[in-house]
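All remarks here apply to the structure that follows.
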Amino acid sequence: MNILVIGGGGREHAIIKKLRENPEVTKLYACPGNGGIAKDAECVAIGATDIPALVDFAVEKGIDFCVVAPDDPLALGCVDAMEEKGIPCFGPNKDAAVIEGSKVFAKNLMQKYGIPTARYEVFSDSVAALAYIRAQNEFPTVIKADGLALGKGVIIAETMAQAEEAVKSIMEDKMFGDSGNRVVVEEFLTGPEVSVLSFTDGRTIVPMVSSMDHKRALDGDKGLNTGGMGTVAPNPYYTADVARQCMETIFLPTVRAMNAEGRTFKGCLYFGLMLTKKGPRVIEYNCRFGDPETQVVLPLLKTDLFTVMRAVHDGRLAEVPVEFAGGAAACVVVASGGYPQAYPKGLPISLGDAESRADVTVYHAGTTLRDGQLVTSGGRVLGVTATGEDLPAALEKAYAAVREVSFDGAFYRRDIGARALAALGK
């Protein structure tokens, strides 16, 4: 089987490493891939949103199966374009990917079908948005750009002045381009956050092991929001009782709602949840594997990933028993100095013996090869993941490996998993 994985980050590296475990997979391509992925797949310099070029490449190489991993190509209809040429894909079509591509669509879907979420209003005019926020006078308040914004389109305003700045920057200054033509203003919820990735073929839905992300750049949840500085799995707040409640009130209702809208979702559906005092609430949907959640979830997957992906595509997910290992996994992101704002690129990276340590995998996110030397090319450079019999063991292994990594300005959070350990009483 010739497999093409579209994307070039840590998530894609994790997917590729898992796909390699299937002996049927004889050739793996990544478009565009990165410096680390180059060890596991043939990287081809085609951007993830260059859909005509991707389709031409897939046809030329006789690709048997395509995994479309990032949000942008999914929202642009990459799956539709591939399947028109007879190339089966893992990932939702354009009509279903709108569940992430438009926060307005997602919020209206939840309201229409009674799926629990935060109270909200939608605005296409900045003056009206600010008048509503002023009248509500509830802070913090959450302001979200409607469209895709590289995971950075959500601003939590603590004051009216911050709300004014947020609305202006999104709607008037267009910091996220056309994604900010509309905004969602919603109530600020409190409680433990949980990420749950799930496989679904549009009928059956199989949640994966839960995880806990760490969004802020600095220890103690300080600093700017990022795409994620680390994750642990499973999330101790996601108990069996919570899981049952989520399946009944959120997961199955979402799949049914999408079917009812004529937008059957097949692929990986991500639920960003807040466990409030009134029960679980949906904070956001993603139409794909999360990053860096994938880097802790897939190492615990015992079932062959390619088998699951084909079953999702073929509508046979109910026939495949999807199993996860016990124990825990932890991922610590090593980032470039300055991230998530401006940062240098092209800095030489030394991995020491990080990659040779037992139960450790170094997933490459923002790396490239320059004359055979691994150098930085992104803000989040590496995701160092370890598995262990429990969370303390996984964290100890991950941090021991992280200390082997070096490049100028490298930084990482030293408290990944601290909240989870506290919840476990450890």
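Points to keep in mind about this one:
- Comparison of L54, L76, L19, L28 shows that the only residue that is open to solvent by 10 Å² or more (accessible area, probe 1.4 Å), over 23 Å from R263 (Cα atoms) and either among the hydrophobic types (A, V, I, L, M, F, W, C) or touching a strand residue (DSSP E or B) at 6+ places or on another chain (Cβ under 8 Å) (or both) is L28.
- Selected residue (only one of P207, P253 is modelled with pLDDT of 95 or more, surrounded by fewer than 22 Cβ atoms within 10 Å (Cβ to Cβ) and closer than 22 Å to M309 by Cβ): P207
- When residues of region 410-422 are limited to those that are touching a residue at least 40 places away in the same chain (Cβ under 8 Å) and open to solvent by 50 Å² or more (accessible area, probe 1.4 Å), the one farthest from A335 (Cα to Cα): R419
- Residue selected from region 228-250 under the condition of a type in the set (G, A, S) and more than 18 Å from the chain's Cα centre (by Cα), by the criterion most open to solvent (accessible area, probe 1.4 Å): A240
- Counting only residues that are open to solvent by 20 Å² or more (accessible area, probe 1.4 Å) and in a loop (DSSP other than H, G, I, E, B), region 152-186 holds 9 of them.
- Taken over region 53-81, the residue count meeting the criterion of being among the aliphatic types (A, V, I, L, M) and not in a helix (DSSP H, G or I) is 5.
- Subset of region 286-336 [touching a residue at least 40 places away in the same chain (Cβ under 8 Å), of a type in the set (D, E) and open to solvent by 20 Å² or more (accessible area, probe 1.4 Å)]: D291, D304, D314
- Residue in region 221-236 that is polar (S, T, N, Q), on the phi < 0 side of the Ramachandran plot, assigned to a helix (DSSP H, G or I) and modelled with pLDDT of 95 or more present: no
- Checking G8, G77 one by one, the residue that is in contact with a helix residue (DSSP H, G or I) (Cβ under 6 Å, 6 or more places away or on another chain), small (G, A, S) and closer than 24 Å to A149 by Cα is G77 and no other.
- Of all residues in region 257-272, none are touching a Cys at 6+ places or on another chain (Cβ under 6 Å) and either within 25 Å of K103 (Cα to Cα) or in contact (Cβ under 8 Å) with a residue 40 or more places away in the chain (or both).
Let's see how each residue does on (1) small (G, A, S); (2) crowded, with 21+ Cβ neighbours inside 10 Å; (3) in contact (Cβ under 8 Å) with a residue 60 or more places away in the chain:
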{"residue": "T361", "(1), (2), (3)": "no, yes, yes"}
{"residue": "R370", "(1), (2), (3)": "no, no, no"}
{"residue": "V375", "(1), (2), (3)": "no, no, yes"}
{"residue": "G388", "(1), (2), (3)": "yes, no, yes"}
{"residue": "L395", "(1), (2), (3)": "no, yes, yes"}
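The values are calculated or read from the model by the stated rules, or taken from the named source; none is laboratory data. Everything numeric in this text was worked out from a predicted model, so none of it was measured. Quick reminder, even Gly has a Cβ in these numbers, built from the backbone with ideal geometry, and neighbours come from all protein chains shown. Keep in mind that these areas ignore ligands, DNA and RNA; they rest on the heavy atoms of the full protein, side chains included. Shrake-Rupley method; radii C 1.70, N 1.55, O 1.52, S 1.80 Å.
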